[in-house]
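Input: a single structure, listed below in structure tokens.
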Amino acid sequence: MANKKNKSDICDYIDWRGDLSFETAPFNEVDALIFCQLSYMNFSNLAPEDYNSSINLSDLSKLFFASKDFETRSDLGLLIDPRTNELLKKAASSTRFKDVGVCGFKCEYDSKKEEQFSAVTFIIEEENLLNKGKVFVAFRGTDDTLVGWKEDFNLAFLDEVPAQKDSLSYLENVFSEFKNSAVSAGGHSKGGNLAIFASANLSEKAKKNLDEVYNFDGPGFSQAQLDSNEFFSVKAKIRSVYPQFSIIGMLFHHYENCKIVLSDERLVMQHNPFSWFVKCSQFETKDEFDSGSGLFFNSFNKWFEEIQPAQREQFVETLFGLLESTSAITNSDLNHDKLKNTGRIIKAFASLDKEIRDEAIRLSADFVKTIAKEAINL
């Protein structure tokens with residue numbers, strides 16, 4: 001864990017660099033993270049859903065903070081840092097971000113399809129006779145909903161989840177709307193996975209106008225997917241950034257070329273981008289992951305690859321069936337009454353079919369054993 005005293009974050013970056021336009025100081029990785037973090041905001045009925053018009057970030061921010069449902073709209077849940085609201089206000093009042101256009105806001109939530117998906121398009125530079133324009137597509141990561149988290153876990157046994165299908169459709173639509181613009185895509189957490197998936201599966205024509213793909217601590221893919229021609233064709237454009245102790249980003253496989261950023265949080269809390277160190281227009285990095293992060297990566301993937309897809313599916317269904325027994329919709333709901341919800345989960349677990357219960361216990365025990373073995377080999 002890095003020293004908090006010398007830490008500067010993405011809000012500080014706006015204080016330092018917010019007076020510089022994108023023409024004066026070119027778009028960079030910190031800008032990309034800011035757009036990705038803003039994608040967690042609820043812009044429903046405030047930002048255009050289509051691309052026929054856009055609203056600049058300054059005006060969007062005013063509408064957001066003046067909205068009648070501000071209290072509900074600004075509540076991002078248990079897992080998303082509430083400072084994201086402050087980030088919007090800071091960005092919207094800065095020279096750098098205030099005139100950025102916002103459009104194409106889409107938000108899908110379907111408990112039956114087990115899908116949580118949202119994306120938004122930022123127009124950084126308008127197309128004109130001298131400039132072909134620059135557009136950034138930000139895919140939202142996993143939000144506070146249990147459905148969103150279950151969809152992440154479904155990646156363990158499905159080749160493609162609904163949010164990935166929608167991410168490809170969304171990005172294809174952006175390319176059809178901004179035919180001559182340089183388009184970059186990115187996302188934090190699951191959003192990073194979606195950005196890579198969508199970019200890899202674009203048509204060859206669209207890939208020619210694809211600029212960069214930013215993955216901020218997003219879960220990976222199967223090795224077979226990374227080795228495919230589709231993924232390999234965008235490998236050079238992928239910019240992956242992980243905190244020094246990454247857990248979410250260490251799920252499944254990823255390309256080795258990445259940046260490891262310093263964080264002042266502990267363990268899995270380093271997933272929060274507000275904990276990442278920023279210096280000028282880039283992240284402060286270190287050469288290697290913390291040992292615990294490497295241990296988790298090796299242990300999880302070794303354990304995961306020894307389990308059959310049907311076992312993975314049953315494990316996920318069992319886990320989320322227990323969580324759903326509380327009638328919770330979000331992680332915030334679960335946290336609201338921990339004692340009562342824990343009792344409900346224990347009761348639901350005890351009522352499971354014995355074979356399913358024993359299998360869940362066995363798989364969990366095997367994971368613990370795998371971690372122990374890998375730790376001994378360090």
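General observations
- Between 0 and 90°, nearest 10: helix 162-177 axis offset from the chain longest Cα axis: 10 degrees
- Added length on full extension, which subtracts the Cα-Cα distance from 0.36 nm per residue, E23 to K235: 73.6 nm
- Only alpha carbons enter this Debye calculation for the stretch 223-286, each as an equal point scatterer, and the log10 of I(q)/I(0) it gives at q = 0.15 Å⁻¹ is -0.53.
- Ratio of Rg to Rh over the stretch 131-286 (Cα coordinates, Kirkwood Rh, two decimals): 0.96
- A viscosity of 1.002 mPa s and a temperature of 20 °C, combined with the Kirkwood radius over Cα pairs in Stokes-Einstein, give a translational diffusion coefficient for the stretch 140-226 of 161 µm²/s.
- Estimated FRET transfer efficiency (E172, A350; beta-carbon r; R0 41 Å; 0.05): 0.30
- Calculated log₁₀ intensity ratio I(q)/I(0) where the Debye formula runs over C-alpha points of the stretch 170-214, q = 0.23, 0.33 Å⁻¹: -0.72, -1.29
- Relative intensity, log₁₀ I(q)/I(0), of the chain from a Debye sum that treats every alpha carbon as a point, q = 0.08 Å⁻¹: -0.41
- Taken over the Cα atoms of the stretch 20-92, the convex hull encloses 108 Å³ per residue.
- Here the gap between S8 and N180, fully extended at 0.36 nm per residue and compared with their Cα-Cα distance, gives a gain of 58.3 nm.
- Euclidean distance of C-alpha centroids, the stretch 214-243 and the stretch 292-365, integer Å: 27 Å
- Separation of the E313 and Q282 label points, Cα + 7 Å toward Cβ, nm: 4.6 nm
- Estimated translational D of the stretch 118-170 in µm²/s (Stokes, Kirkwood radius over Cα pairs; 37 °C; 0.692 mPa s): 248 µm²/s
- Amide H within-cut-off set for S240, under 5 Å, with H built and near neighbours excluded: N215, K259
- Distant alpha-carbon pairs in the stretch 39-160 (separation over 26 angstrom), percent: 27 percent
- Using the alpha carbons alone, the radius of gyration of the stretch 87-211 stands to its Kirkwood radius in an Rg to Rh ratio of 1.00.
- As a calculated quantity, the FRET efficiency between R362 and K340 at R0 = 30 Å, using C-beta atoms, amounts to about 0.60.
- Computed Kirkwood radius, in angstrom, where 1/r is averaged over Cα pairs of the stretch 256-350: 16.8 Å
- Among the protein heavy atoms, those of D15 account for about 90 Å² of accessible surface (1.4 Å probe, every chain in place).
- With all protein chains in place and a 1.4 Å probe, the accessible surface of the chain carries 51 percent carbon and sulfur.
- Pairs of Cα atoms farther than 20 Å apart, the stretch 89-149, %: 45 percent
- P(r) tail, the stretch 287-335: Cα-Cα pairs separated by more than 13 Å, 70% of all pairs.
- Take the Cβ atoms of E126 and S67, set R0 to 25 Å, and the FRET efficiency comes out at 0.40.
- CD proxy at 222 nm, helix term only [per DSSP H run n ≥ 4: -39500 (n - 2.57); per residue of the chain; nearest 500]: -13000 deg cm²/dmol
- Rg then Dmax, both in Å and based on the Cα atoms of the stretch 141-190: 13.3, 39.
- Straight-line cross-link reach from K347 at under 26 Å between alpha-carbon atoms covers these lysines, not counting any fewer than eight positions away in the same chain: K112, K150, K338.
- Of the listed residues W16, W303, the order by accessible area with a 1.4 Å probe, largest first, is W16, W303.
- Distance between modelled label sites at D110 and E86, nm, 7 Å Cα→Cβ extension: 3.8 nm
- Karplus (6.51, -1.76, 1.60) ³J(HN,Hα), θ = phi - 60°, over the stretch 323-329, in Hz, Gly and Pro reported as x: 5, 5, 5, 7, 6, 6, 9
- Using θ = phi - 60° in the Karplus curve 6.51 cos²θ - 1.76 cosθ + 1.60, the 3J(HN,Hα) couplings for the stretch 12-17 round to 4, 4, 5, 4, 7, 10 Hz; x is entered for Gly and Pro.
The values are calculated or read from the model by the stated rules, or taken from the named source; none is laboratory data. As the structure is a computational prediction, the values presented were derived from the model and not from experiment. In this analysis, Cβ positions are derived from the backbone assuming ideal geometry, glycine residues included, and neighbour counts consider all displayed protein chains. The protein model used for the area step is the full one, side chains on, heavy atoms only, and it has no ligands, DNA or RNA in it. Shrake-Rupley method; radii C 1.70, N 1.55, O 1.52, S 1.80 Å.
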